[in-house]
Amino acid sequence: MFVAKYVLFFLVAFLIGLAAGLLFLFPGNVLITNDILPAIPPAQEASFSLENAPSQSLRGKLISLNGDVYWQSRTATTSSPLTPNTILQQGENITTGTSGTITIAFDNIVNVNLLPNSDLDLIQTLPSSMVFNQNQGVVTYTPKSFPVSVRNRHLLIKINPGQAVVSLNPDLPALTIDVKKGSVSVAYNNLQYHTVYQTIDQGHSFNFNDSSRVGIIR
């Protein structure tokens, strides 16, 4: 009798353990399906071309070209004479010699005119964000649709639709902005590291001394 009870107890324990194992291996709340998960497309690599500017940036067309004018392309390390059929693009540089003048049109956004002994970097030519860096000379900016930004040493300039002439002698600390039409906004940090904002209206000029970081509207 004792042996029969022992065997019966062993069988019950075995069956309970077997049932628990089956529930663990095949739980009732797990859904098994033959559906195939959609494939994840590979990430696309960002394309960059040293030779060509971004497709959304504007190209500059030559309106006039006179005298000695030089152009440094995106891939060049030195400047070469500019030819009338050259299309200018973002990331390039234009310089004029002692007899050189040039007028560039970026669609219906802005016209830029360089007088002799000028040097201009075409930093960014997106339609609503035109950015130039003027290193020297006399450059006339004529925005038509959107403001354009110009950097001169420690001065940031925003030229609103209209016309302004920026003059910069590389051997002197002084810089002059003549507002022919519209208005111009400038920003700079003075020697006390305070940011100064000023607005110059049509018919006025702005003189900025880069050494003393002082600007005067006349």
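No value in this document is a laboratory result; all are computed from the given coordinates. The structure displayed is predicted, hence computed values, not measured ones. Cβ: placed from backbone, ideal geometry, glycine included. Neighbour counts: every protein chain shown.
General remarks:
- Cα gyration tensor shape of segment 61-217, rounded if a/c is under 1.5, else prolate or oblate by comparing a/b with b/c: prolate
- Cut-off 13 Å between beta-carbons: net charge of the residues surrounding THR96, Lys and Arg +1, Asp and Glu -1: -2
- Segment 49-122 versus segment 153-205: alpha-carbon centroid distance in Å: 23
- Fully extended contour minus Cα-Cα distance, from SER64 to ASN133, at 0.36 nm per residue: 22.8 nm
- Near the amide H of ASP107, within less than 5 Å, lie the amide hydrogens of LYS61, all on another chain or at least 5 residues away, with H placed in the peptide plane.
- The length gained on full extension between HIS194 and THR98, counted as 0.36 nm times the residue separation minus their Cα-Cα distance, comes to 30.7 nm.
- Label-to-label distance, ILE217 versus SER73, with points set 7 angstrom from Cα along the beta-carbon direction: 4.5 nm.
- Sum of side-chain charges, PHE146 neighbourhood, beta-carbon under 12 Å (Lys, Arg +1; Asp, Glu -1): +1
- Rounded, prolate or oblate (a/c below 1.5 giving rounded, otherwise prolate when a/b exceeds b/c) for segment 57-105 by Cα gyration tensor: oblate
- Multiplying the residue separation of LYS144 and LYS180 by 0.36 nm and removing their Cα-Cα distance gives an extension gain of 11.6 nm.
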